[in-house]
Amino acid sequence: MIAFIIFLWVFLGILSGGILLIKKKKPILGKSILTIGILMLTVPTAFLAIGVAALMIQATLGVSTERYVAILCCLAVLIIAVFLCLLWGVLKKKKIYLPICAISGILVIALGGNAAYDIYQKNIPQISEKGDLLYSYAPYASDSKVYVPDEEPDVRFTEDIPRMDGATALYPIYSSFARMVYPREVLEGQEYEIYDNEYLRCTRTPQAYENLAEGEVDVIFAAAPSDEQMAYAKECNVEFEFTPIGREAFVFFVNAKNPVEDITAEQIRKIYSGEITSWDELGVKGMGKIRAFQRSEGSGSQSTLVKLMEGKELMEAPKEDVVDMMAGIIERTADYKNYKNALGFSFRFYSMEMIQNEQIKLLQVDGVYPREANIENGTYPLASDFYAVTRTDASENTRKLVEWIQGEQGQDIVKKTGYTPYASSY
């Protein structure tokens with residue numbers, strides 16, 4: 001506030017001095033001082049306007065303003081130039097409005113073009129977690145979609161209750177397990193505490209493995225771990241035990257308007273290693289370059305992709321800039337966006353939950369479609385196990401829980417939720 005008052009006082013003093021000198025018939029000195037005063041006002045005003053514009057772009061479009069920097073700086077210079085030109089035109093009685101209008105028009109078109117491009121990008125459907133997906137599978141949420149068997153469970157835990165965590169894609173399964181064998185009171189309010197409930201949480205695969213290694217949870221439900229996750233467990237002097245409880249298809253999908261129907265596992269490896277870059281190489285004309293999206297490192301599906309690559313190095317994933325008001329611009333792996341030339345992957349059940357079926361199309365792999373029957377009979381080539389993962393020092397109740405999951409009631413939940421039970425897949 002004090003700085004602003006001092007600035008205003010100096011600014012008014014300079015303006016007054018300039019006007020006074022002009023009146024005293026010292027026009028050159030007076031006009032020079034007046035110009036300095038106007039510059040003092042226009043420069044900070046221009047850059048303040050640019051800062052406000054940048055914040056509005058970020059808030060409205062939800063994008064990084066990095067591409068707008070050059071245009072916004074030019075706009076600031078334009079504002080300053082307009083003031084100076086107007087002053088010069090008034091003093092010299094010259095017409096300077098036409099070039100100002102031309103420069104303004106060019107900058108407005110450039111700024112509008114960038115904004116239109118970002119609006120177009122934002123309107124392309126993006127496959128990522130629906131905000132309400134987990135909440136709709138919470139054990140006691142209103143209208144919960146979690147499967148609840150009619151029969152009484154063979155086991156029930158009232159003390160030393162195992163703490164569950166795991167992958168987002170498997171949450172519907174272990175939420176049903178918890179509903180079946182845990183006391184209601186430890187799960188009440190779960191629709192508001194998906195990520196931090198003591199006995200049932202979903203922190204996603206990377207964090208779940210970390211939580212298990214650190215003893216924060218007793219059992220997690222996930223795909224096989226990455227090398228980094230196993231290395232972290234070793235650092236913690238922990239050994240994991242992997243109990244297969246079901247199988248699921250690792251699927252690849254494209255925009256529904258893409259004419260491709262089938263892809264081979266070898267073609268997938270070549271695409272994600274960068275050997276195949278265009279849909280033309282797969283016999284699909286007019287689709288251009290393949291936009292092959294990846295998931296974040298350590299996620300269950302990304303770890304599965306790494307294993308599928310069979311030692312081939314993954315090419316760099318598409319990135320996006322995430323604006324964080326505290327940390328600046330953070331680059332991370334971009335979520336799948338449903339461009340007409342995009343290729344993405346996930347697990348079958350979860351991919352059907354993330355986006356409406358008519359917007360994406362699951363591909364056959366090596367001529368086999370990823371339906372439940374083909375997972376069960378072993379003909380779909382990219383089906384893989386998912387596990388109840390525990391530590392070798394697991395408690396007695398944790399081992400009882402895993403044993404129950406492998407039994408008839410637990411496997412029934414796996415099947416009725418929409419996955420393939422492990423017991424029926426061999």
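A few remarks follow.
- The listed residues are TYR209, TYR272, TYR232, and the only one of them that is at negative phi and either among the polar types (S, T, N, Q) or touching a Leu at 6+ places or on another chain (Cβ under 6 Å) (or both) turns out to be TYR272.
- Selection within segment 187-215 - touching a Phe, Trp or Tyr at 6+ places or on another chain (Cβ under 7 Å), modelled with pLDDT under 90 and outside any loop (DSSP other than H, G, I, E, B): GLN190, GLU191
- Of the residues TYR171, TYR147, the single one that is part of a helix (DSSP H, G or I), under 27 Å from SER303 (Cβ atoms) and modelled with pLDDT of 80 or more is TYR171.
- Residues within segment 279-299 that are without any contact (Cβ under 8 Å) to a residue 40 or more places away in the chain and in contact with an Asp or Glu (Cβ under 7 Å, 6 or more places away or on another chain), tallied: 0
- Of all residues in segment 238-246, at least one satisfies being assigned by TED's automatic domain parsing to the domain that holds ASP196, in a loop (DSSP other than H, G, I, E, B) and either touching a residue at least 40 places away in the same chain (Cβ under 8 Å) or of a type outside the set (Gly, Ala, Ser) (or both).
- Residues in segment 373-426 that are in a helix (DSSP H, G or I), within 27 Å of GLU214 (Cβ to Cβ) and out of contact with any helix residue (DSSP H, G or I) (no Cβ under 9 Å at 6 or more places or on another chain): GLU396, ASN397, THR398, ARG399, LYS400.
- Residue check for GLU159: surrounded by fewer than 18 Cβ atoms within 10 Å (Cβ to Cβ) and at pLDDT below 90: no
- Every residue from segment 373-387 that is surrounded by fewer than 17 Cβ atoms within 10 Å (Cβ to Cβ) and either free of Cβ contacts under 8 Å to residues at least 40 places away in the same chain or more than 18 Å from LEU308 (Cβ to Cβ) (or both): ALA373, ASN377, THR379
The values are calculated or read from the model by the stated rules, or taken from the named source; none is laboratory data. Every value quoted in this text rests on a predicted model; they were computed, and no experiment measured them. As a convention, Cβ positions derive from the backbone with ideal geometry for all residues, glycine included, and neighbour counts pool all protein chains shown.
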